[in-house]
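First up is the structure itself, then whatever we jot down about it.
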Amino acid sequence: MRGRPRPSRLPGVDGVPVSPLRPPRRERSAVPAPTIAGVRAILTAPGGINLVVVRVDTTEPGLYGLGCATFTQRHRAVASAVDDYLRPFLLGKDPARIADIWQTAMVSAYWRNGPVLNNAVSGVDMALWDLKGKMAGMPVYQLLGGRCREGVAVYRHADGRDERELTERVQAFLEQGYRFIRCQMGGYGGRGPRAASPEGALPGAYYDPDIYVRSVPRFLEHVRAQVGFEVELLHDVHERLAPIEAVRLAKQLEPYRLFFLEDPLPPEHIDWFRILRGQCATPIAMGELFVHPQEWTPLIAGALIDFIRVHISAIGGITPARKLAALAEAFGVRTAWHGPGDVSPVGHAANLHLDLACPNFGVQEWSGFPDPVRAVFPGCPEVRGGYAYVNERPGLGVDIDEEQAARYPCRDDLPAWTLARLPDGSSARP
Ligand code: MG
């Protein structure tokens, strides 16, 4: 019997009856499957923050997808990567092949894993998920496995000039139904009367890490005394401390039971997370500047963080984010995707579709949409009672009104806060 060919079980071969399964779409219909007919970046700043959205058109009239590619501080570089490089690469391709397009687009530049090209690929990637949802007649969360929850718990930013004002803002959010609140004093802090700078010190957004780090336990003590422990409090270090100061702060904050301490260290100092972990049990969220898998993989696999909070467009879109969420799930790490004003409503919707479908969702950062942003992006997600909801339209559910978008041109000057300096006048992480 050896060597004798076994009868094929494939449908329609060797006389075996044809399977009742439906043949692929393109054989079913005389209409050819759509291919990619247009790719372009749209720049707009309706909330005063530069946003980059990518529109992918197909050969089927009216069938297009939108993705977020927002890198606020380098928006034109991303637009060029989309219009000058990804557009010619993608024209004529099958938009259904998201995984293949992501892989080939990412490696076709040979050098990869930087924020400009990752954002450009994200714009295309999210647009293809949006398109796939529209073609399937389903919201994207259905394509990702369906709902794990009905709404997405969000956290808001409370900020005050002093402890009293901060506590008032926290209480205002509590009255609106929010249960997760990030507490900051004076933005990212350290803006007290600063030490004398040397003669001729350059202009910049000065902050004093010592003033900042001493203020945090003080204002958290005040807020906890006023609102108790029934509310989840968070705090963002924004990577503005020397590593050993970040370790000392995380230890000091243990009694205030933070939901998490955000970005205590910069991506350049990830080796310090092992030291931080060995010193205290303050939950750690990390990653809004991450762009490379080797930044998050050791932290997750080493059980060194509790929440992964990348900026999804900065890692390349929904395709890598769903894999990152699954990696995190295997190690007991929850998601807390970056959700500031420099994410377009299309990007916020992508965050929420992932949040709905990921079992290991933790919490979602939420900055809210000013009215001009809502006017430019019909279909924005809504928040009610501390939970965010996407609409149930196919795809990501958010559109763009390009006439409205054109009314809000992007600005080319850098935001002042990015030019940070320490008291002695030296340049610092913003
Ligand atoms: Mg942050």
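When the residues of region 271-295 are filtered to those that are away from the ligand (no atom under 16 Å from the Cβ) and under 23 Å from residue 315 (Cα atoms), the one that is surrounded by the fewest Cβ atoms within 10 Å (Cβ to Cβ) is 294.
Among the residues of region 209-241, those identified as open to solvent by less than 10 Å² (accessible area, probe 1.4 Å) and not in a helix (DSSP H, G or I) are 231, 233, 234, 235, 236, 237, 241.
Cβ-Cβ contacts under 6 Å between residues 6 or more apart (or on different chains), taken from a first residue in region 270-298 that is at negative phi to a second residue that is of a type in the set (S, T, N, Q) and open to solvent by less than 30 Å² (accessible area, probe 1.4 Å), are listed as 291/118. Filtering region 303-356 to residues that are charged (D, E, K, R), within 16 Å of the ligand (Cβ to nearest atom) and touching a residue at least 60 places away in the same chain (Cβ under 8 Å) leaves only 342. Report the residue count in region 245-295 for those that are under 19 Å from residue 157 (Cβ atoms) and among the hydroxyl-bearing types (Ser, Thr, Tyr). Adding up the residues that qualify gives 1.
Return the total of residues in region 47-71 being out of contact with any Asp or Glu (no Cβ under 6 Å at 6 or more places or on another chain), outside any strand (DSSP E or B) and not charged (D, E, K, R). Number satisfying all stated conditions: 9.
From the list 172, 195, 158, the one residue that fits, being surrounded by 15 or more Cβ atoms within 10 Å (Cβ to Cβ) and outside the structural domain of residue 111 (by TED's automatic domain parsing), is 158. Modelled with pLDDT of 95 or more, assigned by TED's automatic domain parsing to the domain that holds residue 307, within 16 Å of the ligand (Cβ to nearest atom) and assigned to a loop (DSSP other than H, G, I, E, B): does that describe residue 249? So residue 249 fails the test.
The set of residues in region 399-419 being at pLDDT below 95 and open to solvent by less than 50 Å² (accessible area, probe 1.4 Å) consists of 415, 418. Evaluating residue 359 against the criteria (1) under 14 Å from the mean Cα position of the chain (by Cα); (2) of a type outside the set (A, V, I, L, M); (3) closer than 22 Å to residue 142 by Cα leaves one unmet condition, (1). Taking the criterion of being within 17 Å of the chain's Cα centre (by Cα) and under 27 Å from residue 224 (Cβ atoms), the residues of region 261-283 that qualify are 262, 263. When each of 87, 74 is tested for being under 22 Å from residue 35 (Cα atoms) and not in a loop (DSSP other than H, G, I, E, B), the lone residue that passes is 87.
Answer yes or no: is there a residue in region 247-257 that is open to solvent by 30 Å² or more (accessible area, probe 1.4 Å), among the polar types (S, T, N, Q) and closer than 30 Å to residue 278 by Cβ. Taking every residue of region 247-257 in turn, at least one turns out to be open to solvent by 30 Å² or more (accessible area, probe 1.4 Å), among the polar types (S, T, N, Q) and closer than 30 Å to residue 278 by Cβ.
If the condition is being surrounded by fewer than 23 Cβ atoms within 10 Å (Cβ to Cβ) and within 18 Å of residue 58 (Cβ to Cβ), then region 106-132 contributes only 132. The lone criterion from (1) modelled with pLDDT of 95 or more; (2) in a loop (DSSP other than H, G, I, E, B); (3) not polar (S, T, N, Q) left unmet by residue 196 is number (1).
The values are calculated or read from the model by the stated rules, or taken from the named source; none is laboratory data. As the structure is a computational prediction, the values presented were derived from the model and not from experiment. Note that each Cβ is placed from the backbone with ideal geometry, even for glycine, and that neighbours are counted across all protein chains shown. Surface areas here come from the heavy atoms of the whole protein model, side chains and all, with no ligands, DNA or RNA. Shrake-Rupley method; radii C 1.70, N 1.55, O 1.52, S 1.80 Å.
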